[in-house]
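These notes are about the structure you will find just below.
Laboratory data are not the source of any read-out in this text; all were calculated from the coordinates shown. This one's a predicted model, so the numbers in the text were calculated from it and none came from an experiment. So basically every Cβ, Gly included, is an ideal-geometry build from the backbone, and we count neighbours across all protein chains shown.
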Amino acid sequence: MQNAVSPAEYPVAIACLIFFQSLGTAITIVIANTIFAQTLTSAVSRYAPSISPRAALHAGSGAGAVRALVPVGHEDELRGLLRAYSESLRNVFYFLVGVACLATVVSLGMGWRDNRDKDKKATGMVNEEHGEGKMAGEKQGSGKMKDEECKAGEKTNKKDGQVK
């Protein structure tokens, strides 16, 4: 995002990003919770008729609490109750996959900015025809001069008894 706005607009852009991330998360959680509750209510009535849908909602999703909902003498309904929970979670996951696909499609419309040249200029490198980088401001024939300067520097260091 920082490549899409000017440096003066960074604080506003980041504040908007955080706001919309928080808003999207809050809305998604509410919708997912509603899908779970509605699916569980209808599925419990269908698969485990002796269990109250309201009790299933209040029990939460802990394994011990769910198993405790099954009344004595109706142990065969445990399978139906677990199926109701499974169906509810499956519907929530379908919703979340849809949200992820929508986010992917929307992100494709944001555009792409190639900033590779900016990064190399910032570090002092410029693209050359054959992919070789040169220091910014360095002229074409100055590579030889740099090599000679390096060799002269090594000779100076050899006199001191150290080679770097």
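Structural remarks
- Efficiency of FRET from Cβ geometry, Tyr10 and Asp114, R₀ 25 Å, rounded to 0.05: 0.80
- If the chain linking Phe20 and Ala65 were pulled fully straight, counting 0.36 nm for each residue of separation and taking away their Cα-Cα distance, it would gain 12.6 nm.
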